[in-house]
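Note sheet for the following structure.
Please treat every number below as a calculation from the coordinates, not as lab data. Computed from a predicted structure; not experimentally measured. Don't worry about glycine lacking a Cβ; one is built from the backbone with ideal geometry, like all the others, and counts go over all protein chains shown.
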Amino acid sequence: APTPAPTPAPTPAPTLDPTPDPIPDPIPDPTPAQPMNGSEDVVILGPDTKMLPGTTVSSPNGRYIFKFTDDGALKLSDGSNGDVLWRVNDGRGATLSMQWDGNLIFRTSSKSSIWSTQTSKHPDASLRLNNRGRLAVISSDGITPLWIEGVPGGQYNSADAVSSLTFPIRGAFYYPWFPETWTVRGKPIFYRPTLGLYSNGDSSIHKAHAEALNYAHVDLSIASWWGQNTKKDRARITNLMDQSSQYGIKWTVYHEMERRLQPSVNEIRADLAYLKKWFVWHEAWAHIEGKPVIFVWNKGDCDVSKRWMDASRGEWYVVVKKLDRPDCPTLPDSWHQYGPSNAVVHEEGVSFSVSPGSWYVNRDGPNLPRLSSGAFRKNVIAMVESDEPWQLITTFNEWGEGTAVESAREWATPSGYGKYLDVLNE
């Protein structure tokens, strides 16, 4: 058996001190809610407007009701059966403001923040409710959601026919957490992305990334995921899947909280139910053997595999980060390896991954100096010729660890995709 490759843990998702939300003063009164997009949705709050207690707005078809109650709570309900779909039941709310910067914020009478969507840096966004029960902050383009609540865009049915991926599969680890992590623990990234310090809330970035993944012949994009309703996952992952569908690129998530919390079987089941509700119904969610796919981080022992297989009940295709010991009594559906501080990580019969380099923002020098086009090409050829089931790129855009193959000024090329994606395109 091969010697297990070193597998350094990825940098934990950083927690940054929030930037104080600006308070527009004064805030003009809202214009009356107006149906948009052929009466498919209604604008509850336009840019620079506010709502006061006692206000009710219905979807154009009258079924869904958004209400700022007299006792200071926010509530979205289904008028056909009375079900409450979402609520902020604080009881101290005095104003709900759609700020000029795109942040929807719920305040007390003293202007203290109770809750917000954390969608600032998107000027001219609006709050809208559509006929399907989706409550969303929509960007200035009138299309792209920045924050989503209410009813998902579809419903998962395991009996539906789905298109399953077949091995070998080229996958790329993807990070949908920008602009929040252009600075990590107070330190900026080392490289300069060709697209600039972008936001994963921008539709132009979703489009550009889908095109880049397609250019690199990526079959599966594996999005870092830190739990339910984190890092605006509902809007960002849905938008990425929407843009990727035309290329046949599939998506799944990398469940990173496993290494930090070691969730129980019931907690894992709650996460899987959330993923089914919000994402798995989408045509771009990855399936293998008819089952939705999920990748799982692992730094533990055989207990990780057992908990995940018990929780998934045979309904998911579970791909666990490989342990050094292969003799676990309960095995996942498949293994993978993650080690971007190594130019190549080859686990025979499991996976072959390639990295262009690695330089964590909190280190003085690189873990792995940036590879030349020739060196990276040699490794990609070896990956393809290995015929391993998982052929993985670490990573597409983990800029905090300096492992991105996405184009940067430091390795830009005439194609616009940069030298690493050019090699993957060959």
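For the chain, with a Gaussian network of springs between Cα atoms less than 10 Å apart, report the residue from LEU392, LEU197, LEU45 with the top mean-square fluctuation.
Of the options given, LEU197 has the highest mean-square fluctuation.
Bin by bin, in steps of 20 Å, what percent of the Cα pairs in the chain do you find, going until the bin that has the longest distance?
P(r) for the chain, in whole percents per bin: 25, 54, 21, 1.
Based on Cβ point charges of +1 for Lys and Arg and -1 for Asp and Glu, what charge dipole magnitude is obtained for region 353-426 about its Cα centre, in debye rounded to the nearest 20?
260 debye
Enumerate the aspartates and glutamates that LYS75 could reach by cross-link, defined here as Cα to Cα under 14 Å, with residues fewer than 8 away along the same chain left out.
ASP83, ASP90, GLU149
What is the sum of charges around HIS206, taking Lys and Arg as +1, Asp and Glu as -1, for the other residues whose C-beta is under 9 Å from the C-beta of HIS206? Write down the numbers at each step before the final one.
Numbers: positive: LYS207, ARG236; negative: ASP202, ASP242.
Cβ neighbours under 9 Å give a net charge of 0.
Running a GNM on the chain with Cα contacts under 10 Å, which residue among ALA172, ALA273, ALA223 ends up with the highest mean-square fluctuation?
Most flexible of the set in this elastic network: ALA273.
By its C-alpha gyration tensor, with a ≥ b ≥ c as the square roots of the eigenvalues, how is region 198-329 shaped: rounded for a/c under 1.5, else prolate for a/b larger than b/c, else oblate?
Taking the square roots of the gyration eigenvalues as a ≥ b ≥ c, region 198-329 is prolate.
For region 213-357, build the charge dipole from Cβ charges (+1 Lys, Arg; -1 Asp, Glu) around the Cα centre, then report which of PRO340, ILE268, LEU213 sits farthest towards its positive end.
Positive-end residue among those listed: ILE268.
Take peptides 209-217, 64-72 and line them up by average Cβ neighbours within 10 Å, highest first, as a rough protection proxy. If you can, show how the numbers build up before the last one.
Details: 209-217: 20.2, 64-72: 18.3.
So the peptides 209-217, 64-72, ranked by packing, come out 209-217, 64-72.
So if I place +1 on the C-beta of Lys and Arg and -1 on the C-beta of Asp and Glu, and nothing else carries charge, what would the dipole magnitude of the chain be about its Cα centre? I want it in debye, nearest 20.
500 debye
In deg cm²/dmol and to the nearest 500, what is the mean residue ellipticity at 222 nm of the chain if only DSSP H runs of at least 4 residues count, each as -39500 (n - 2.57), divided by the residue total? Intermediate values should be presented prior to the final figure.
Details: 7 runs with 73 residues, N = 426.
Computed mean residue ellipticity for the chain: -5000 deg cm²/dmol.
Mind telling me which of ALA161, ALA125, ALA136 comes out most flexible in a GNM of the chain, alpha-carbon contacts under 10 Å?
ALA161
For region 65-119, what does the alpha-carbon gyration tensor say about shape, rounded, prolate or oblate, given a ≥ b ≥ c as the root eigenvalues, a/c under 1.5 as rounded, and a/b over b/c as prolate?
Cα axes put region 65-119 in the oblate bin.
With θ taken as phi - 60° and the coefficients 6.51, -1.76 and 1.60, list the Karplus ³J(HN,Hα) couplings across region 49-64 in order, rounded to whole Hz; mark glycine and proline as x.
So the Karplus estimates, Gly and Pro as x, are 10, 9, 10, 10, x, x, 9, 10, 10, 10, 5, x, 7, x, 7, 9 Hz.
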